[in-house]
Amino acid sequence: MENHKPNSELPPIPAKRYFTIGEVSELCGVKAHVLRYWEQEFTQLKPVKRSGNRRYYQHHEVLLIRRIRELLYEQGFTISGARNRLGQPGQIEGGAAASAAMQNVAALRHE
């Protein structure tokens, strides 16, 4: 099993509109094939697909991926358990808001 960094050690998310799968992979510490698999398992994860089926993720999806990663790798949820947890009202928004706040604090510290 791979050694995964905690979400708190991941790089800050840049202020961009879209991210490629490679960028998301680096920002979230998850390999591209895992991201593609998670798209099938988590219906909330719907990157925009453009020419040649290239995936472009928006900021809120990067936050969602970090939340999924946290549930699976740090809290020990199964895919099914994480899916159920994210399906509860307020889970995506709450996790995303907390993660966004942490990102803003990290960005301010680097300035």
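The values are calculated or read from the model by the stated rules, or taken from the named source; none is laboratory data. Here the structure is a predicted model, which means the values were calculated and not measured. Cβ placement follows ideal geometry from the backbone for every residue including glycine, while neighbour counts extend to all protein chains displayed.
Scanning the stretch 20-35 turns up no residue that is touching a strand residue (DSSP E or B) at 6+ places or on another chain (Cβ under 6 Å) and part of a strand (DSSP E or B). Does Val48 satisfy the criteria of being free of Cβ contacts under 8 Å to residues at least 24 places away in the same chain and of a type in the set (A, V, I, L, M, F, W, C)? Answer is no for this residue. Might you let me know whether the stretch 58-66 holds any residue that is at pLDDT 95 or above, of a type in the set (Lys, Arg) and crowded, with 17+ Cβ neighbours inside 10 Å? Yes, the stretch 58-66 contains a residue that is at pLDDT 95 or above, of a type in the set (Lys, Arg) and crowded, with 17+ Cβ neighbours inside 10 Å. Entry remark, the stretch 62-83: residues being over 13 Å from Val30 (Cα atoms) and in contact with a Gly (Cβ under 6 Å, 6 or more places away or on another chain) number 0 in total.
Answer yes or no as to whether Arg55 is in a helix (DSSP H, G or I) and of a type outside the set (A, V, I, L, M, F, W, C). Answer is no for this residue.
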